[in-house]
1. May I ask you to compute the full-extension gain from Ser167 to Asp247, defined as 0.36 nm times their residue separation minus their alpha-carbon distance, rounded to one decimal in nm?
2. By a straight-distance test (C-alpha under 13 Å), which aspartates and glutamates pair with Lys268 as possible cross-link partners, with residues fewer than eight away in the same chain excluded?
3. Per the 1.4 Å probe, what fraction of the accessible area of the chain, in percent, lies on carbon and sulfur atoms?
4. Could you give the dipole magnitude of the range 1-99 about its Cα centre, charging the beta-carbon of Lys and Arg +1 and that of Asp and Glu -1, in debye to the nearest 20?
5. Stretch Ala89-Lys188 to full length: gain in nm at 0.36 nm per residue minus the Cα-Cα span?
6. Name the cysteines of the chain that stand alone by the Cβ rule: no other cysteine Cβ under 4.7 angstrom.
7. Just the Cα atoms of the chain: what Rg and Dmax do they give in Å?
8. Please give the contour-minus-distance gain from Thr228 to Thr209: 0.36 nm per residue of separation, less the Cα-Cα distance, rounded to one decimal in nm.
Amino acid sequence: MSTKTVETTTGKGNLPLLKIRAPQSESEIYLHGAHLTHFQKNGEPPLLFVSRQSWFEADKPIRGGVPICFPWFGPRAGEPSHGLARILAWELVETSTAPDGSVTVRLCLPSTSLKPGWSSLRTEFVVTVGDTLTMELIAKNESPNKALEIENCLHTYFHVGDISAVSLTGLRGASYVDNAAGGNGERKTDNDAVLTIPKEINRLYLNTTSPVEIRDEKFRRLIRVEKTNSQSTVIWNPWNTQKLPADFDPAEHKDMVCVEAGNIIDNKIILAPGATSSLKVTLSSSPLK
Ligand code: TA6
């Protein structure tokens with residue numbers, strides 16, 4: 001990587017890519033989807049998982065990293081899964097460097113590229129790369145008279161040493177929609193002090209603002225996911241089941257877990273005319289004691 005703090009270059013599939021270098025870490029963001037695909041602190045393994053079978057094409061989402069699900073989450077009839085933001089071209093608006101060397105980039109989703117109905121949204125993604133990774137998705141409804149119903153989610157894929165040696169905490173007592181096979185979308189309560197993942201998991205936790213910690217015994221790393229203005233947390237690993245997407249190597253289910261922060265289903269946001277929403281997620285990591 002060059003010595004520049006933010007370098008604009010070309011990534012896979014010839015898509016425009018930002019390479020960001022801070023004293024404490026490095027990161028990569030595709031302008032396609034404002035899609036963060038890499039964050040690595042000095043001396044640690046990469047924090048984010050990206051599938052070796054991912055597409056890197058202008059009309060398809062990238063598999064891994066941090067897809068931005070917006071302005072809706074999940075499937076919607078006749079529309080792209082997880083919204084529009086992750087398959088549109090974003091623009092770099094501003095870069096800045098703080099006294100500790102951490103680098104902030106501000107990206108904007110041109111409202112002209114949004115379908116009618118959504119074009120009053122002014123959407124920004126602000127990423128700070130330093131000792132931690134902070135991501136903020138900001139959306140303002142610039143309509144003078146029409147409220148918008150939105151969902152948002154930073155669908156982060158974490159890179160882990162071995163899923164069988166991973167445990168999660170922070171969700172005990174929360175209720176969730178069980179979307180894994182056999183879960184049938186039922187609402188349940190998580191009573192486990194520690195969540196382990198021995199098979200497919202697809203839980204949409206609602207009404208929870210708690211941070212989640214990922215304990216990774218193999219990498220000897222503790223990851224902390226802290227969130228602001230987020231009522232929902234999603235935990236997903238497709239395992240090597242039939243539900244595995246085509247752009248995902250079945251063996252890779254061992255290498256990842258999604259811990260996603262946002263506002264979905266019951267927690268959707270009604271954005272009044274002139275109102276702004278901000279979803280902020282900070283990822284930090286430390287060696288396991
Ligand atoms: O967050 C979990 C989830 O909604 C799953 O149901 C799953 O299919 C996944 O996201 C990936 O969705 P995608 O549209 O990226 O294939």
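1. Values: separation 80, 0.36 × 80 = 28.80 nm, distance 2.57 nm.
Extending this stretch completely gives an extra 26.2 nm.
2. By straight Cα distance, Lys268 reaches Glu149, Glu151.
3. The nonpolar share, carbon plus sulfur, comes to 49 percent.
4. The dipole magnitude comes to about 220 debye.
5. Numbers: separation 99, 0.36 × 99 = 35.64 nm, distance 3.80 nm.
Length gained between Ala89 and Lys188: 31.8 nm.
6. Cys108, Cys258
7. In Å, with Rg to one decimal and Dmax whole: 18.1, 54.
8. Numbers: separation 19, 0.36 × 19 = 6.84 nm, distance 0.75 nm.
Here the answer is 6.1 nm.
The values are calculated or read from the model by the stated rules, or taken from the named source; none is laboratory data. Since this is a predicted model, take the numbers as computed values, not measurements. Please note: Cβ atoms are built from the backbone with ideal geometry, for glycine as well, and neighbour counts cover all protein chains shown. Note: accessible area is taken over every heavy atom of the protein model, side chains too, but ligands, DNA and RNA are not part of it. Shrake-Rupley method; radii C 1.70, N 1.55, O 1.52, S 1.80 Å.
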